[in-house]
Amino acid sequence: MIQYRDVVGHFGGTHFRAVVLEEMLKMFEGKFGIEVVGLPESKRSVVTFGFISALSKKLNLNSIAWPTTCDMGAIYVISNLIKEDAKDLIKEAKPIEFLTRTSKFIKPLYLFLDEEVLLYAKLKKLKFKKVKIKKDEISLFVDGLEKKHPEVKRAIVNGWLGLES
């Protein structure tokens with residue numbers, strides 16, 4: 001996902017996913033020679049493909065990192081399958097999406113469950129705000145499956161990624 005000397009942008013935030021992503025990127029910056037660029041918080045609500053591509057080009061970014069987890073990926077896959085909108089899955093349910101030939105949209109936390117990311121944040125004593133997320137019926141359905149059958153979210157994501165190859 002990230003190469004030596006890449007310039008990686010990310011949107012800051014106080015949610016545990018965003019805080020862990022930032023911590024991870026800072027670790028890579030120190031050990032692997034990448035440059036991490038914080039993107040303007042006020043622009044966060046305007047995240048479209050065109051906006052991301054333009055921002056990537058303007059700031060000369062190789063990648064823009066997004067704090068998407070396995071939970072989010074599984075819910076996205078199931079939601080699109082139920083709504084018969086699977087054409088979006090082909091391009092959007094991947095851990096790496098190419099914006100241009102030289103820049104990409106990456107999801108470094110994609111194979112980790114929210115539970116694992118939250119545990120990491122707590123163990124590292126990272127400062128984050130607990131945010132109550134309103135869940136729709138599909139999210140509640142997938143969460144219920146996970147309680148009865150642990151690892152189902154990971155199986156959904158891994159299965160989907162396996163279908164693409």
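Overview of results
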| item | result |
| --- | --- |
| Entries in LYS57/LYS127; LYS107/LYS148; LYS31/LYS132; LYS94/LYS130 that, when Cα-Cα distance is taken, lie over 29 Å | LYS57/LYS127; LYS31/LYS132 |
| Mean Cβ count within 10 Å, highest first, over the residues of peptides 124-132, 68-76, 139-147, 27-35 | 68-76, 139-147, 27-35, 124-132 |
| DSSP-defined beta bridges in the stretch 7-164 - what % are antiparallel, rounded to 5 | 20 |
| Contact order relative to length of the stretch 7-164, as percent, for alpha carbon pairs under 8 angstrom and 6 or more apart | 30 |
| Where labels lie 7 Å past Cα in the beta-carbon direction, separation of LYS129 and LEU111 in nm | 3.3 |
| Extension gain, GLU35 back to ILE82 (0.36 nm per residue minus Cα-Cα distance, nm) | 12.9 nm |
| Which of ILE96, VAL8, ILE156, positive extreme of dipole for the chain (C-beta unit charges) | VAL8 |
| Cα gyration tensor shape of the stretch 100-159, rounded if a/c is under 1.5, else prolate or oblate by comparing a/b with b/c | oblate |
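Every number here is computed from the coordinates shown, using simple stated rules; none is lab data. Worth saying up front: this structure is predicted, and the values here are computed from it rather than measured. Here Cβ is always computed from backbone atoms with ideal geometry, including for glycine, and neighbour counts include all displayed protein chains.
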